[in-house]
Amino acid sequence: MKAVIFDYDGVIADSFSVVHALNNKIMRHFGRKEYALDDFRRVSMDWKATYRSLGMTEEQIEESARMFYHDIALLQHEVQVFRGMEKVLAELHTRCRIGIVTNNLRSIIETKLRNEKILAFIHEIVDGHEGKLKPDPTSVTMCMNKLGVRPTETCLVGDTFDDILAGRRAGVAKVIAVSYGYHSLEQLKGADVVVHSPAEILAALAA
């Protein structure tokens, strides 16, 4: 593999509890039912489509985005990089290109990873504003173009079924799913391999 593209939330950063709480704050604001923890694990990461399915207007969706990104930026001290991920990124950086494709915002990710002293390991980031939200493959394709690699040279590492779909639709050579992120193990169908910790990612890439 000449490139590895990571999802951010749930793969690099342990943000699930923070995102769950912020989503429920938005649900309360718009008079919608809050999500139980297990129910939230089954929600698509295409949050715009999810909110539309709840009957929210485009104006409400835009307002919810402003609320979310404002609050998540303030709560980055509660988001931790998964133990072992720094070592994974440092080792991969010596032998391949590393990208991030995320429905989050580039500015939030760059600030967090800079503070954690690991931003230098990342070559490219495509966020939810630059491309389309996963499972649309556009952002994955954009990232591969920026990295200067072909799909046959690329592995995608994600934690949701949306990541798996985006990778398959973009034609990447390998899809690795992690079970420690947002979606449950039962939802990670279609991945080439499922790993259970950051440390297992390197072995899965070599297999």
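Any read-out appearing in this document is the output of simple, stated calculations on the displayed coordinates, not a laboratory observation. What you see is a predicted model, and the numbers here were worked out from it, not measured in a lab. So basically every Cβ, Gly included, is an ideal-geometry build from the backbone, and we count neighbours across all protein chains shown.
For the stretch 1-79, rounded, prolate or oblate, judged on the Cα gyration tensor with a ≥ b ≥ c (square roots of eigenvalues), a/c < 1.5 rounded, else prolate if a/b > b/c? Prolate, since a/c reaches 1.5 and a/b exceeds b/c. The phi-based Karplus calculation (6.51 cos²θ - 1.76 cosθ + 1.60; θ = phi - 60°) puts the 3J(HN,Hα) values of the stretch 196-207 at 10, 7, x, 4, 7, 5, 4, 5, 5, 5, 7, 6 Hz, whole numbers, x for Gly and Pro.
Measuring between their Cα centroids, the stretch 1-76 and the stretch 131-207 lie 20 Å from each other.
In this structure, the amide hydrogen of residue 5, modeled 1.01 Å from its nitrogen in the peptide plane, lies closer than 5 angstrom to those of 99, 155, 156, 157, counting only residues at least 5 positions away or on a different chain. The 3J(HN,Hα) values that the Karplus relation (6.51, -1.76, 1.60; θ = phi - 60°) gives for the stretch 178-195 are, in residue order, 10, 8, 9, x, 7, 8, 6, 4, 5, 8, 8, 7, x, 6, 6, 8, 10, 10 Hz. Gly and Pro appear as x. Counting neighbouring Cβ atoms within 10 Å and putting the fewest first, the residues 136, 9, 159 line up as 136, 9, 159. When 7, 38, 14 are sorted by how many other C-beta atoms sit within 10 angstrom of their C-beta, beginning with the fewest, the order is 38, 14, 7.
With +1 on the Cβ of every Lys and Arg and -1 on the Cβ of every Asp and Glu, and nothing else charged, how large is the dipole of the stretch 16-77 about its Cα centre, in debye rounded to the nearest 20? Kindly include the intermediate steps, with their values, before the conclusion.
Values: 9 positive and 9 negative charges, 32 e Å.
Taking the Cα centre of the stretch 16-77 as origin, the dipole is about 160 debye.
Taking Cα centre as origin and charging only the Cβ of basic (Lys, Arg, +1) and acidic (Asp, Glu, -1) residues, the dipole magnitude of the chain rounds to 360 debye. Dipole of the stretch 62-170 computed with +1 at Lys/Arg Cβ and -1 at Asp/Glu Cβ about the Cα centre; of 68, 143, 81, farthest Cα towards the positive end is 143. Counting neighbouring beta carbons within 10 Å and listing from fewest to most, the residues 57, 160 come out as 57, 160.
Remark: the stretch 87-185 carries a charge dipole of roughly 200 debye about the Cα centre, counting +1 on each Lys and Arg Cβ and -1 on each Asp and Glu Cβ.
Of all the C-alpha pairs in the chain, what % are more than 22 Å from each other? Present the calculation step by step, with values, prior to reporting the outcome.
Working: 9629 of 21321 pairs.
Beyond 22 Å sits 45 percent of the P(r) for the chain.
Among the trypsin sites (Lys or Arg not before Pro) in the stretch 74-144, those placed in a DSSP loop whose Cβ has at most 11 other Cβ atoms within 10 Å are 83, 95, 117.
Under the definition of Cα pairs under 8 Å and six or more residues apart, what whole-number percent is the relative contact order of the stretch 16-77? Write down the numbers at each step before the final one.
On the way: 27 pairs, mean separation 25.2, N = 62.
Result for the stretch 16-77 is 41 percent.
Annotation for residue 203 and residue 129: the two label points, set 7 Å from Cα along the Cα-Cβ direction, are 4.1 nm apart.
Restricting to DSSP loop positions (anything but H, G, I, E, B) with no more than 15 other Cβ atoms inside 10 Å of their own Cβ, which GluC sites (Glu not before Pro) remain in the stretch 13-101?
On the way: sites: 34, 58, 59, 62, 63, 78, 86, 91; in loops: 34.
Here the GluC sites (Glu not before Pro) that fit, given the DSSP loop and packing criteria, are 34.
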